[in-house]
Structures are given as C-alpha cells and as structure tokens.
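What follows is a single structure, written as structure tokens, with notes after it.
All of the numbers you see were taken from the coordinates with simple rules; none came from a lab. Everything numeric here is computed off the predicted structure, so don't read it as measured data. As a convention, Cβ positions derive from the backbone with ideal geometry for all residues, glycine included, and neighbour counts pool all protein chains shown.
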Amino acid sequence: MSTDAATSEKKESGTYEGGCHCGYIKFAMTLSPPLPEYKVLNCNCSACSHLGYLLVYPKATDVVWHNNGRERCSNYVFNSKKKDQMFCPKCGSSLGIDFHDFFKDHVYGFSVRTLYGINLDELNYKKLDGVKLVQPAEDLSGHIWDEEKQEMK
Ligand SMILES: [Zn+2]
C-alpha cells in the first residue's frame, strides 16, 4: 500500500536488470538516486577507456546476482591487485569492478552499458580526469603484459 502512495512522489531509488551480452551473467541492482538523476562516472583512465566503463556504484547489498553470476565472472586484476575487473568468459562483455574491501563498504562499479533497456544518450555524466587523478596516475594501457616472461607484470 505504501508503494501506491509513493508512486506520485519523486522516487528515491530505481532497480535495474542487467547482464552480459550472451545472458550467461545476469544481475539486478538498486541505485539511489535512480538513473535519471544519477551522475554516471565517465572517467578517462586507461582501464575505463579500454574496458568501456561508464560507472555507477551500487552497494553490494543492493546487488542481486542471478544464477551465481558473480562466480561465473572472469576477473582481470592489475596494479594494486585489490579490485576485480569483471567480464563474461563466454561473450567477453565488460561488466564492471568488484572493489571488495577497497572502500569502507563493499561496493561494485557497474558499467551502465550492461543494463537492459537503457538509452545512454539520456543519462547524465560526471567527468573524471582519472588518467591524472587516479593513482598511479599514468596511462597503463599496453604496459602490463611482460612479453619476455609471458605473464602479467
Ligand atoms: Zn556473456
């Protein structure tokens, strides 16, 4: 009943379904504020550029993974090795970041590109000059694979 009364008021949060391109990984997340008011992070660091991220940051408690979706993810780690860059091992879709205990609360950074039925042109973005501001504040693209050792540096 309270939800009926709330429909005419401004919504404080919104719930969105998303997943990878092939459907192997699916999830739902609740964002506060909801997407029309959310400032989606558009960062120019080398990871965000190469992995195609446009990020929103739900708390882990506001994310529901369907069919053990988190366990189905493949993970790419670099630099601090404390965060997982999550992607689908079947179709290669770039999903977002699992920050684990990097912040006080466990949060994810999900790319809004993974959400179903979203028009990217209708969202609001906040730019971050991450290539200069996010440590190690340099362009890491193409410098992490050790060609001699045939492994990640
Ligand atoms: Zn997939």
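With charges set only on the Cβ (+1 for Lys and Arg, -1 for Asp and Glu), what does the dipole of the chain come to about its Cα centre, in debye to the nearest 20?
100
Please identify the longest segment of the chain free of exposed chymotrypsin sites (Phe, Trp or Tyr not before Pro), where exposed means a DSSP state other than H, G, I, E or B and no more than 15 other Cβ atoms within 10 Å.
1-77
For TYR24 and LYS153, calculate 0.36 nm times their separation in residues minus their Cα-Cα distance, and state this gained length in nm to one decimal.
Net length gain for the segment: 43.4 nm.
Give, in nm to one decimal, the length gained when the segment between HIS50 and THR15 is fully stretched (0.36 nm per residue of separation minus the Cα-Cα distance).
So the extension gain works out to 9.9 nm.
Once you sort the root eigenvalues of the Cα gyration tensor of region 12-128 as a ≥ b ≥ c, which label holds: rounded (a/c under 1.5), prolate (a/b larger than b/c) or oblate (the other case)?
Rounded is the answer for region 12-128, as its axis ratio a/c remains below 1.5.
Among the lysines, which have Cα under 28 Å from the Cα of LYS132 when same-chain residues fewer than 8 positions away are ignored?
LYS39, LYS59, LYS81, LYS82, LYS83, LYS104, LYS153
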